[in-house]
Amino acid sequence: MRDVDVCEVPGADPARVRRGRQSLLPEATYHQLAETFHVLADPTRARVVHSLLEQELCTCDLAAICGLSEPAVSQHLRLLRELRLAKTRREGKKVFYSLADAHVRFLLRVSLRHLADASVDAHVSANADARIGAGETIPADLLQSALPTSRKEVAN
């Protein structure tokens, strides 16, 4: 039986390896990236982030929407703020939360689109456009800025 994940001809291509190594980012960047995905990998935090996709909400609103206690929502929001995925705005005695920037919205929308495109679940596919913006296009500058192209870009 053939293993489709292994080359049939052994030996790496030196030119490809060199280009691949040159494109690697600093190790700290990979740790930050992994931490971001780790935080978003929690289904409850993913629900909180998704709730903030279209509007800013206070802790009370998020607790009611997500079916959680306010202290539980606060703990999730603390982690999201620490990773700069969410930000706050105070209005009187209330603190409103929103997604930190367009990059976070972009990441969530792309992830949801990926799930919808790859899904065999008709419910996800049928309702995906309503949840992530039917016909929405990604501005070229946001798409370009979403992916660092060099170590220098990551350092800045």
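Being within 28 Å of residue 62 (Cα to Cα), at pLDDT 90 or above and either in contact with a helix residue (DSSP H, G or I) (Cβ under 9 Å, 6 or more places away or on another chain) or of a type in the set (A, V, I, L, M, F, W, C) (or both) is the requirement here; does residue 125 meet it?
Values: within 28 Å of residue 62 (Cα to Cα): yes; at pLDDT 90 or above: no; either in contact with a helix residue (DSSP H, G or I) (Cβ under 9 Å, 6 or more places away or on another chain) or of a type in the set (A, V, I, L, M, F, W, C) (or both): yes.
For residue 125, the condition - within 28 Å of residue 62 (Cα to Cα), at pLDDT 90 or above and either in contact with a helix residue (DSSP H, G or I) (Cβ under 9 Å, 6 or more places away or on another chain) or of a type in the set (A, V, I, L, M, F, W, C) (or both) - is not met.
Specify the residue that is modelled with the highest pLDDT; the eligible residues are those in segment 36-48 that are surrounded by 17 or more Cβ atoms within 10 Å (Cβ to Cβ) and hydrophobic (A, V, I, L, M, F, W, C).
If we filter segment 36-48 for residues that are surrounded by 17 or more Cβ atoms within 10 Å (Cβ to Cβ), which is where we start, we get 39-40, 45, 48.
Pick out the ones that are also hydrophobic (A, V, I, L, M, F, W, C) and you get 39-40, 48.
Numbers: 39: 94, 40: 93, 48: 97.
Looking at residues that are surrounded by 17 or more Cβ atoms within 10 Å (Cβ to Cβ) and hydrophobic (A, V, I, L, M, F, W, C), I get 48.
From the list 51, 74, 69, the lone residue that is loosely packed, with under 13 Cβ neighbours inside 10 Å, without any contact (Cβ under 8 Å) to a residue 40 or more places away in the chain and not aliphatic (A, V, I, L, M) is 69.
Looking across 64, 15, one residue alone is farther than 20 Å from residue 95 by Cβ, small (Gly, Ala, Ser) and without any contact (Cβ under 8 Å) to a residue 60 or more places away in the chain. It is 15.
The values are calculated or read from the model by the stated rules, or taken from the named source; none is laboratory data. Note that the structure is predicted; figures quoted are calculated from it, not measured. Here the Cβ is made from the backbone with ideal geometry for all residues, glycine too, and neighbour counts use every protein chain on show.
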